[in-house]
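First the structure, in the form of C-alpha cells, and then the observations on it.
Just so it is clear, none of the values below were taken in a lab; they were calculated from the coordinates. Fair warning: this is a prediction, and the values are worked out from it, not measured in the lab. Reconstructed Cβ throughout: ideal geometry from the backbone, glycine too, with neighbour counts over all protein chains shown.
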Amino acid sequence: MADTAITVEGAHKKYGEKKALDGLDLRVARGTVHGVLGPNGAGKTTLVRVLSTLLRPDSGRIEVAGHDVVTESRAVRVRIGLLGQHAALDEELGGRQNLELFGRLYHLGARHARVRADELLERFGLTDTGRKAVRQYSGGMRRRLDLAASLITDPEVLFLDEPTTGLDPRGRAEVWTAVRSLVGGGTTVLLATQYLEEADQLADRISVVDAGRVVADGTADELKAATGGDRIDVVLRDAGQLGAAVALLPFDPAGVRVDTDRRLLSAPVTDRMAALSGVVRALQEAGIEAEDVALRRPTLDEVFLHLTGDDRRVKEPA
C-alpha cells in the first residue's frame, strides 16, 4: 500500500527454543513516528534487526519501503537508516570528518559527501562544532551527530533503537527535537524504546510488544483510555494513615494502589466530580489531612504495566 512504510505479517524468529518473535503483526504509516514499547526481551531489538535486514526472519511477510526484507534486502538497505543503542562514531575525528567518512562508506563521491556533511551539520545545529573532536561533545551532541550519520543517504525509513539511552534530560530533549524535524521532512521513524515519556512525546501511534507479539496498538490517548478511564490520586500528610484512608474511601480496595514512600493512594473512578467531592468530604470528616487530591488520566506507564504484566521474558542477544 502506498501509504504504508512498514508491513509485518506473522513474523517469527527463534533463538534456539526461545521465541523472540511469535507471529508479530505491525503496520506503520508513511511520514509518522511509530513507537514500539516493550520490556527487556519482548522482541523490540529483534524486530528492528529483522526490519533492517541484519537478521533473517524464520517466517512471515515483512516489507519496508515497498520491498521484501528477505528477497529484496539490497533494495531495503538503500532506503533505510539505523541508529542503534551505541554510537558508531570515531572519537578522534571531528563531526564533519565523521559524516564525510560515512558518506564515502556509502559510496558518495568526495564532493557529494562534503556537501551532505555540511547540510546535516546545519540541520542538527552542529555547524559550530563540526571540526571539534567528537570526544569533546556532550552526550546530546554525540547522539545528534549519530542521528545525522544515519541520515547520510536521506533514507525513507529510519529505525531508532533506544536512541536516548544514557542521556540526561537536556540531551534527550535535543534528540526529540531532531526526530520531530525528520518527520516534518517526510521521514518515517520506527522508535523502539523503554522510555514511556519518549513514546508519549514523539509517537503518532504506539504498538506494545510482549513475548514477541503486539498486544495493543493505538495512539497514546487510545491506549490510556482502554486501560480504564480516570484515576484519583490522594497524597496524605501522614503515611501512617494510608490504611485508614483506603478503608473509609468509597473505592474497591482491589483497585487501589498504595505507595507508602510517596504517601500516595490511587484509585480508578467513573464519576469524576462526585469522586473528588466524596473523597475530600470523607477525609475531612475522618480528620485525615491530605496534601493533594487530583483527578488524572492513566499514564503510559500504567498502560505498559497493565498490558505486559510480570511474565518471563525471552532474552535477546546483545
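Numerical summary
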| read-out | value |
| --- | --- |
| Longest exposed-site-free window of the chain, the sites being GluC sites (Glu not before Pro) in a DSSP loop that have at most 13 other C-beta atoms within 10 Å | 93-288 |
| Computed E for A110/D204 - FRET, C-beta separation, R0 41 angstrom, nearest 0.05 | 0.60 |
| Cα gyration tensor of the range 230-296 - equivalent ellipsoid semi-axes, whole Å, descending | 16, 13, 11 |
| Whole-Hz couplings from phi, Karplus 6.51/-1.76/1.60, listed for the range 146-156; x for Gly and Pro | 4, 5, 4, 4, 6, 9, 4, 9, 6, x, 6 |
| Centre separation in Å (Cα based) which lies between the range 36-101 and the range 168-240 | 21 |
| Surface/4 estimate of mean projected area, convex hull on alpha-carbon atoms of the range 129-227, nm² | 7.6 |
| Cross-link partners of K44 among lysines (Cα-Cα below 19 Å; sequence separation of 8 or more within a chain) | K13, K14, K18, K19, K315 |
| Highest-MSF residue in the chain out of I288, I206, I80 [GNM, Cα springs under 10 Å] | I288 |
| Contour minus Cα-Cα distance for R262 and L305 (0.36 nm per residue) | 13.6 nm |
| HN-Hα J in Hz across the range 105-110 - Karplus 6.51, -1.76, 1.60, θ = phi - 60°, x for Gly and Pro | 5, 8, 6, 7, x, 4 |
| For the chain, calculated [θ]222 nm from helices alone, where every DSSP H run of n ≥ 4 adds -39500 (n - 2.57) | -10500 deg cm²/dmol |
| Highest-MSF residue in the chain out of A110, A149, A239 [GNM, Cα springs under 10 Å] | A239 |
| Extended-chain gain in nm, criterion 0.36 nm per residue less alpha-carbon gap, L93 and A133 | 13.9 nm |
| Sequence of T193, T177 once ranked by neighbouring C-beta atoms within 10 Å, starting from the fewest | T177, T193 |
| Binned Cα-Cα distance frequencies in the chain - 10 Å width, integer % | 6, 23, 26, 20, 14, 8, 3, 0 |
| Exposure proxy ranking, count of Cβ atoms within 10 Å, fewest first, for V115, V209 | V115, V209 |
| Gain in span if fully extended, D233 to S73, counting 0.36 nm per residue against the direct Cα distance | 52.5 nm |
| Integer Hz, Karplus 6.51/-1.76/1.60 couplings in order for the range 121-138, x for Gly and Pro | 4, 5, 4, 9, x, 10, 4, 6, 10, x, 9, 6, 4, 4, 4, 8, 7, 6 |
| Efficiency of FRET from Cβ geometry, H12 and R297, R₀ 30 Å, rounded to 0.05 | 0.25 |
| Selected from G140, G185, G84 as most flexible by GNM, with the chain as the system and alpha-carbon contacts under 10 Å | G185 |
| Amide H contacts of T32 (H built 1.01 Å from N, under 5 Å, at least 5 apart or other chain) | V189 |
